[in-house]
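The block underneath contains the structure these notes are about, expressed in structure tokens.
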Amino acid sequence: MKLKRALKCIGAVALAASLMMVPSMIPVQASNGPCMEGEFAFANIQLNDTVVFSTNEKNTVDGASYDQTSNTLTLTNYDHPDVALYTNMMGDDFKLNLVGSNKLQNLGIWHGGWGGSLTICGSGSLTVNENRKNPDGIELFAEGGKSLLTVSGDSTVTVYRGTDGCPFGSSWNYTSSPIVAKGQVNDMKIQAEHPFEMIQVYGGYFGTDISPVQSDVYTKTGEEGRFVITEVTDMSGNKTYRIEKLLECTTLDAEVAITVEDKLTDISAYTANGEIAAYYSTTMASGGSDACLVKKQDTGDTFIYRRTYYEAGNSYRILCPILMSYTDYNTQETRYLMDAAHPVMKELVENMALAEDTLPAGYEFEGKEVENVYNVYSGADVISFTPKQVVVNGVVDVTDGDTAISDNGFRQILAENQTKDIVIKSNDELSFTFGKGTMSAVDHVSSYDFGVKIVKDYSELGTLPSAVNKNIFIEQIKYNYSGQLPAEAQIRIFVGTRYAGKTLYYSRLFDNGTILNIDAGVVDSEGYLTVKQNHCSTYLITTEKLADTAATGNGGTTSGNGGTTSGSDSTASGGAAGTAANASTTANSQPTVKTSGKPKTGDNSAIAVCMTLIAAGCGGMFVFRRKKATENE
């Protein structure tokens, strides 16, 4: 894979440096929004070369809009398969919201030591790299941080690999599992490996325009070797002397002079011996600390690789033998001189940013794997994310804690309800059952949260109405969703087998402390109480029926909890082991408990309303080697 190879080579070296530098300059954040302040505020969103958002620029783009408050880029029918989306330092809460059908060439998300995760959400679709022109589809450049790609359970996302690339890749990431699929996804064939950090060294060379210089040779009493002395005058006119030691280099047909002392004012310890030497001074060498050590596999000999070698106005990638190594006088680090006149490989590079760091057969980079960080890539041809299968054979199981049902998921439930009862399992102690064909959308409700909090310890509750004491209290049920349900639901609640065969009472507790008695039922042999209701908020289960204290209005309307409940929450009650109920219950008529007989089913007519669509947030800046154009690098 192209990405995999690139990550093993120079990209790894550059990113290794960023691991040391970036965290010291920029505080690593989490769900933090775009980096907008400070010396390194380079937050940026681009579509190709068009800046949608940055610290100092914003532009309007048809079909794309960014909301900084929610840190969300929304694409609405953005059909541009040749346009790439790049983001930089947009934070770990950056979102790409999909509305309608959208197409992009590729996505590149940079962390920058600030935050670089991407959450794709919304009920629309996104197709990436369908034309396969780009090697890779989606790339997360974690740069030593933790970057995640999260795809919501509502979104449809299809990502293609290009030639010699991959549909997804992530470099220098603190996690080996950077993809979180909330819906369904095919086998992504994810592979993770530690980055290979090459040994990076100073590689110098004498350019073709450099010729040997000649100078008197000196010796020093008490020291072996031959020396040359260079007089240096600084800008203030002060004169000092640089002492260089001559070393033999047969390949160059000249000697090499290595600095051993500098800025001397007294050179009386050195004596000219009458000899003239022709030499190359290391102070004349070109190069830098971006070279790498390479080993020839069959002999173990060491070579120097540079991806930036310049000659006669051209740029080359070059692999050369080592002329010699020496200790730099100022840094005390080992430096290497390359034999650029006799390269093993010399390849003309027209675009350095796109050059791949490959070696001839039989050669390999020297280095080691870096622990605790990962390069991750997908070996699949296509990655396909599809919406979560919310309902399976009439059952919706949200016991894993992801209790919210989105617009897309609710449409699945409505379709299934046409032919089946729907059972929603909130947790091991509570479930909803909606009768076949009864469900419909509630006006102005775009999602339902079927999570519930059950409190059984009376001491954990706040102030309760005086009628509710610990002797009659069994539990409080607080539903995450508050409002009208999509149909009347039969709710089965576990209260414990010690109440089996006993009648318990179910009442609604309003925010103002008033109570509306809703239902009653006999606990079955498994310890479950079953009640019916068409509304959710906060409820109490007690061993005694509570008196109604909630105010009533026209037609039995009961106000409270920031809303209005028409009639009551329930129409009847029933227990599996010995049911108790009567006909419908209103605010002014309480249920009469029966010891036998079947409960009445109440009014099962569907609620005639329509559903509004969800639009939740999401987003993506710079491809692997196009990092941070706004930094003026």
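The values are calculated or read from the model by the stated rules, or taken from the named source; none is laboratory data. Not measured: the values here are computed from a predicted model. Glycine gets a Cβ as well: all are built from the backbone with ideal geometry, and neighbour counts include every protein chain shown. Ligands, DNA and RNA are stripped out before the accessible areas are found, and what is left, the full protein with its side chains, is counted by its heavy atoms. Shrake-Rupley method; radii C 1.70, N 1.55, O 1.52, S 1.80 Å.
Determine whether Thr156 is at pLDDT 95 or above, surrounded by fewer than 24 Cβ atoms within 10 Å (Cβ to Cβ) and of a type in the set (Ser, Thr, Tyr).
So Thr156 passes the test.
If a residue has to be more than 12 Å from Leu337 (Cα to Cα) and open to solvent by less than 50 Å² (accessible area, probe 1.4 Å) to count, how many in the range 270-285 make the cut?
Matching residues across the range 270-285 total 4.
Looking only at the range 64-85, count how many residues are over 24 Å from Asp136 (Cα atoms) and either in contact with an Asp or Glu (Cβ under 8 Å, 6 or more places away or on another chain) or among the aromatic types (Phe, Trp, Tyr) (or both).
2
Just one of Ile405, Ile422 is at pLDDT below 95, open to solvent by less than 30 Å² (accessible area, probe 1.4 Å) and within 30 Å of Ala181 (Cβ to Cβ); which is it?
Ile405
Applying the selection to the range 307-353, what residues are open to solvent by less than 20 Å² (accessible area, probe 1.4 Å) and basic (Lys, Arg)?
The one that is open to solvent by less than 20 Å² (accessible area, probe 1.4 Å) and basic (Lys, Arg): Arg317.
Scan the range 122-140 residue by residue and report those that are more than 19 Å from Met188 (Cα to Cα) and either of a type in the set (A, V, I, L, M, F, W, C) or buried (at least 21 other Cβ atoms within 10 Å of the Cβ) (or both).
Of everything in the range 122-140, those that are more than 19 Å from Met188 (Cα to Cα) and either of a type in the set (A, V, I, L, M, F, W, C) or buried (at least 21 other Cβ atoms within 10 Å of the Cβ) (or both) turn out to be Gly122, Ser123, Gly124.
Given Gly300, Gly287, which one is outside any strand (DSSP E or B) and either over 30 Å from Glu197 (Cα atoms) or of a type outside the set (Val, Ile, Thr) (or both)?
Every option except Gly300 fails the conditions.
Quick one: would you say Ser459 is more than 30 Å from Val159 (Cα to Cα), part of a helix (DSSP H, G or I), modelled with pLDDT of 90 or more and not acidic (Asp, Glu)?
So Ser459 passes the test.
Within the range 529-543, can one find any residue that is modelled with pLDDT of 95 or more, part of a loop (DSSP other than H, G, I, E, B) and open to solvent by 30 Å² or more (accessible area, probe 1.4 Å)?
Yes.
Hey, could you check the range 472-517 for residues that are assigned to a loop (DSSP other than H, G, I, E, B) and of a type in the set (A, V, I, L, M, F, W, C) and say which is nearest to Thr538 (Cα to Cα)?
Checked the range 472-517; the qualifying residue nearest to Thr538 (Cα to Cα) is Phe510.
With the range 123-214 as the region, which strands (runs of 3 or more DSSP E) entirely inside it contain at least 1 residues that are within 30 Å of Ala291 (Cβ to Cβ)?
Those strands (runs of 3 or more DSSP E) span 138-141, 168-173, 190-193, 196-198, 200-205.
Quick one: in the range 486-514, of everything that is charged (D, E, K, R) and within 41 Å of the chain's Cα centre (by Cα), which residue is surrounded by the fewest Cβ atoms within 10 Å (Cβ to Cβ)?
This residue is Asp511.
Which of the residues belonging to the range 368-395 are surrounded by fewer than 19 Cβ atoms within 10 Å (Cβ to Cβ) and not hydrophobic (A, V, I, L, M, F, W, C)?
Within the range 368-395, Lys368, Glu369, Glu371, Asn372, Gly379, Asp381, Ser384, Thr386, Gln389, Asn393, Gly394 meet the criteria.
Exactly one of these conditions fails for Asp266: (1) in a loop (DSSP other than H, G, I, E, B); (2) surrounded by 14 or more Cβ atoms within 10 Å (Cβ to Cβ). Give me its number.
(2)
So which residues in the range 463-472 are open to solvent by less than 40 Å² (accessible area, probe 1.4 Å) and either of a type in the set (Gly, Ala, Ser) or touching a Leu at 6+ places or on another chain (Cβ under 7 Å) (or both)?
Residue satisfying the conditions is Val468 alone.
Give just the number: which of (1) at pLDDT below 95; (2) small (Gly, Ala, Ser); (3) on the phi > 0 side of the Ramachandran plot does Gly274 not satisfy?
(1)
Which numbered condition in (1) in contact with a Cys (Cβ under 9 Å, 6 or more places away or on another chain); (2) open to solvent by less than 50 Å² (accessible area, probe 1.4 Å); (3) at pLDDT below 95 is the only one that Asp443 fails?
Against the list (1) in contact with a Cys (Cβ under 9 Å, 6 or more places away or on another chain); (2) open to solvent by less than 50 Å² (accessible area, probe 1.4 Å); (3) at pLDDT below 95, Asp443 comes up short only on (2).
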